[in-house]
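Notes follow the structure.
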Amino acid sequence: MKKFLPIILTTTVLLTGGQTMAQSESNATEEQAKQVIFGFGELNPYGKYFTGKSYLKPITTTNGVPMYNVTFEPKCRNNWHIHHKGGQILLVTQGRGYYQEWGKPAQELHPGDVVNIPPETKHWHGAAKDSWFTHIAVEVPAKDGSNEWLERVSDEEYNKLK
């Protein structure tokens, strides 16, 4: 995996379009969200596992490495979930959002951030209250890997975030 890190980091820099620090910290609008480099996608078919609307655009499944562009409307987040056997990598490309592991504080995410999610880690991710949010989700291949969807992130828990 370490040999892929430079590729991931280079790809992340290219995907952010060379934004300045000030631009990368700004919130994304709906218009900006619909102009993402890999396409906005369609209403997410896994929407029952999300609070709010999200949009999914498959990028590739070549060589068994699925990659998806996922766009969240403001306040949208997925349920707590676990990737069994294989993990997940998030490459943040636009807007402001959050990632949280069970029992730990939420981390604020901005374009250029990379989140490595190990297998068997209960977590969620999604948009900030006032920003559209887009990331590329890379599924780490694993024999007999699966995804387990769990409970929703409560409004009470989510509303504590800034």
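Could you go through segment 49-59 in sequence order and give the Karplus-derived ³J(HN,Hα) for each residue, using 6.51 cos²θ - 1.76 cosθ + 1.60 with θ = phi - 60°, rounded to whole Hz, and x for Gly and Pro?
Working through the residues one at a time gives 9, 10, 9, x, 9, 9, 10, 10, 10, x, 9 Hz.
Using the Karplus curve 6.51 cos²θ - 1.76 cosθ + 1.60 with θ = phi - 60°, work out ³J(HN,Hα) for each residue of segment 118-128 in order, rounded to whole Hz, and write x for Gly and Pro.
Those phi angles translate into x, x, 6, 9, 6, 7, 8, 8, x, 7, 6 Hz.
Using a 7 Å offset from the Cα along the Cα-to-Cβ direction at both residue 159 and residue 116, what is the distance between the two label points in nm, to one decimal?
According to this spin-label approximation, the distance is 3.7 nm.
So if each residue of separation counts as 0.36 nm, and I subtract the Cα-Cα distance between residue 27 and residue 129, what length gain in nm does that give?
Gain in length upon complete extension: 35.7 nm.
Let me know the volume per residue of the alpha-carbon convex hull for segment 16-162, in Å³. Kindly include the intermediate steps, with their values, before the conclusion.
Values: hull volume 15.5 nm³, N = 147.
Dividing the Cα hull volume of segment 16-162 by its residues yields 105 Å³.
What length, rounded to one decimal in nm, is gained on full extension from residue 147 through to residue 61, with 0.36 nm per residue of separation minus their alpha-carbon distance?
Working: separation 86, 0.36 × 86 = 30.96 nm, distance 1.64 nm.
Between residue 147 and residue 61, full extension yields an extra 29.3 nm.
Report the net charge of residues surrounding residue 67, where surrounding means a beta-carbon distance below 11 angstrom and charges are Lys +1, Arg +1, Asp -1, Glu -1. Intermediate results must be reported in sequence, preceding the final value.
On the way: positive: 57; negative: 139.
Here the charged neighbours net out to 0.
For segment 100-117, take each phi angle, set θ = phi - 60°, evaluate the Karplus expression 6.51 cos²θ - 1.76 cosθ + 1.60, and give the result in whole Hz per residue in order, putting x for glycine and proline.
9, 9, 3, x, 10, x, 5, 10, 6, 10, 9, x, x, 6, 10, 10, 9, 10
Segment 77-149: which trypsin sites (Lys or Arg not before Pro) are DSSP loop and have at most 11 other beta-carbon atoms within 10 angstrom?
Those that pass, being in a loop and sparsely packed, are 143.
Please state the equivalent ellipsoid semi-axes for segment 62-130: what are the square roots of 5 times the Cα gyration tensor eigenvalues, largest first, in whole Å?
Values: eigenvalues 73, 50, 22 Å².
Ellipsoid semi-axes (Å, largest first): 19, 16, 11.
Every number in this text was worked out from the coordinates using simple rules, so none of it is lab data. Computed from a predicted structure; not experimentally measured. Methodologically, a virtual Cβ is constructed for each residue, glycine included, from the backbone with ideal geometry; neighbour enumeration extends over all protein chains shown.
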